[in-house]
Amino acid sequence: MKLRSLFAGLALAALTSAPVSAQTLRYATIGEPPSLDAQMGTATLASTISQHMFETLYAFDSANAPQPYLATGETMSEDGKVITISLRDGVKFHNGDIMDAGDVAASLNRWAEFGSRGKLLGLVSAEATGDLEVTLTLDAKNGAWKSILAYVNGGPVIYPAEIVTAAGGEPIAAENYVGTGPYKFGELRPNRYVELVRFDDFTPNPGPSDGEAGQRVANFEKLRFIPVPDVGTRVSGIQAGDYDYAEYISGDLYGQVRDDPAIQVKISTAPIFGLMFMNSAAGPLATNTKLRQAIMAALNMEQALQVSVGEPELFEANGAYFPDGNVWHTTAGTEFYSQGDPEKARALAEEAGYDGTPIKLLVSTNYKAHFDDASVFTRQLADAGINVQMVVVDWATLLQLRGQPDQWDMFMTHHGSIPDPVLLTVLNDSYPGWWKSDEKHALMAEFTGTSDLAARQAAWSKLQELIYTQLPVVKVGNIFSYDIASPDLVTPWERAPAFPHFWGASTK
């Protein structure tokens, strides 16, 4: 206890001696964010904002290895089903309360029952077994448990017990956005901004800053996230000094911004990949695998990426879900990727008994690449005799509609780089699309039931092949997306992470 308090005191001294600023960092977003209840949604924008307020027991370092964050360590039973986690002492919530094991247990139990990724862990119960000790009981050994607990996107962030208990399965309201992070909720002005304010009583992690792990220092007084749906306005806003950072700049503007001295380009650290989910719960695709295969056969991903991204150095038509060189890379199933064969697609559609029923493709204009991909796919599918009707909405509306099985048959989205396949949204039974099959569940048990890397790699290879066989989702391709920033902004990372964070950021 004394050693932990000493480290906390040293880290606090480092925090208070770090440079601080009265400035507001102005971040131009692609649109209005959905709920910032971090446990309940997987929207990239919501995670980008909420990670500054809410924290997890573990966090990924720069090598994507999960390290203790709100936790200090753990022990595990021989069968791997019981994990006992020790917690940092003296961590303060934004409401002034001190975090204890009761808060952690309540947060994990709520996430396991209602959270977007809550089913991935197989948590039976989380119980406070001491003031600073929580014991997790799993339904089976899970070799990816630490990565699951470290991932902020739809992940197990920690709230005060009374807030998560009262919320249950409903999204937490803005007035109850209470976490332990370096920034706290300030205000939300619809269509104008979300503002976070530096939490001056923040309790820093004692470790050195390393990726998302270790110490987090809030140099800006405020972070303001401003919806700017038009990409041209985001670019001109950086050039004019109206914004400090702007996300998701389209590929066709890359040549223009790359050589502009008024712009700092932040290419992503790893590719994101476009996805077109298919509805496994309702509609013409729900039980018709042959029709899904017809859709897959028609698509030429190279054509779509040329339109949606443009610059050859910013995209790669590749069907593997992890890039070459990654420990999870496999080519299993990718022979079905980017076939671009309308005659084969037409024949498969006839075998499937397709009668021309309109297939509703839900897409947002906020992400230009999504809309461009959907437009190309609609034309390619028409060439194969498959009738697709685009349903075009803003991103916030898409996030609402995709949760309603009767509102869509396919929808466009994208996925960021992840450290472990278990975090892929398609593997989550409760993610929109709702892919469930006996084959999937058997392979998932094989994949998570061991900590042996070779065994998990083999199971993942079979899972990727199953994705290409049952087609709950179609991968578009790898996109090296990029953001832009003011040349005066100094970030703790050179290339943009999946969820850009601004602890440690400052101005020149």
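The values are calculated or read from the model by the stated rules, or taken from the named source; none is laboratory data. Fair warning: this is a prediction, and the values are worked out from it, not measured in the lab. Every residue, glycine among them, receives a Cβ derived from its backbone with ideal geometry; neighbour counts consider all protein chains shown.
Tell me yes or no: at least one residue of segment 190-200 is modelled with pLDDT under 95 and part of a loop (DSSP other than H, G, I, E, B). Checking segment 190-200: at least one residue is modelled with pLDDT under 95 and part of a loop (DSSP other than H, G, I, E, B).
Determine whether segment 366-383 contains at least one residue that is under 15 Å from residue 273 (Cα atoms), among the basic types (Lys, Arg) and in the same structural domain as residue 474 (by TED's automatic domain parsing). There is at least one residue in segment 366-383 that is under 15 Å from residue 273 (Cα atoms), among the basic types (Lys, Arg) and in the same structural domain as residue 474 (by TED's automatic domain parsing).
Return the total of residues in segment 62-100 being within 14 Å of residue 164 (Cβ to Cβ), over 26 Å from the mean Cα position of the chain (by Cα) and either surrounded by 14 or more Cβ atoms within 10 Å (Cβ to Cβ) or at pLDDT below 95 (or both). Of the residues in that region, 2 qualify.
Listed by first and then second residue, the pairs with beta-carbon distance under 6 Å, at least 6 apart or on different chains, first residue in segment 470-494 and without any contact (Cβ under 8 Å) to a residue 40 or more places away in the chain, second crowded, with 19+ Cβ neighbours inside 10 Å and part of a strand (DSSP E or B), are 490/506. Restricting the first member to segment 339-350 and to residues that are under 11 Å from residue 293 (Cα atoms), and the second to residues that are small (Gly, Ala, Ser) and outside any helix (DSSP H, G or I), the beta-carbon pairs closer than 6 Å and six or more apart or on different chains are 345/384; 346/384; 346/385. Only one of the listed residues (507, 413, 448) is touching a residue at least 60 places away in the same chain (Cβ under 8 Å), surrounded by fewer than 19 Cβ atoms within 10 Å (Cβ to Cβ) and of a type in the set (Ser, Thr, Tyr). That residue is 507.
A single entry from 240, 246, 218 fulfils the requirement of being more than 17 Å from residue 370 (Cβ to Cβ), surrounded by fewer than 17 Cβ atoms within 10 Å (Cβ to Cβ) and at pLDDT 95 or above: 240.
A Cβ distance below 7 Å, combined with a sequence gap of six or more or placement on separate chains, defines the contacts here; from segment 86-111, residues that are within 13 Å of residue 203 (Cβ to Cβ) reach residues that are buried (at least 17 other Cβ atoms within 10 Å of the Cβ) and among the aromatic types (Phe, Trp, Tyr) in the pairs 94/199; 99/93.
For segment 196-208, a residue qualifies if it is surrounded by 18 or more Cβ atoms within 10 Å (Cβ to Cβ) and over 15 Å from residue 184 (Cβ atoms), and the qualifying residues are 205, 206.
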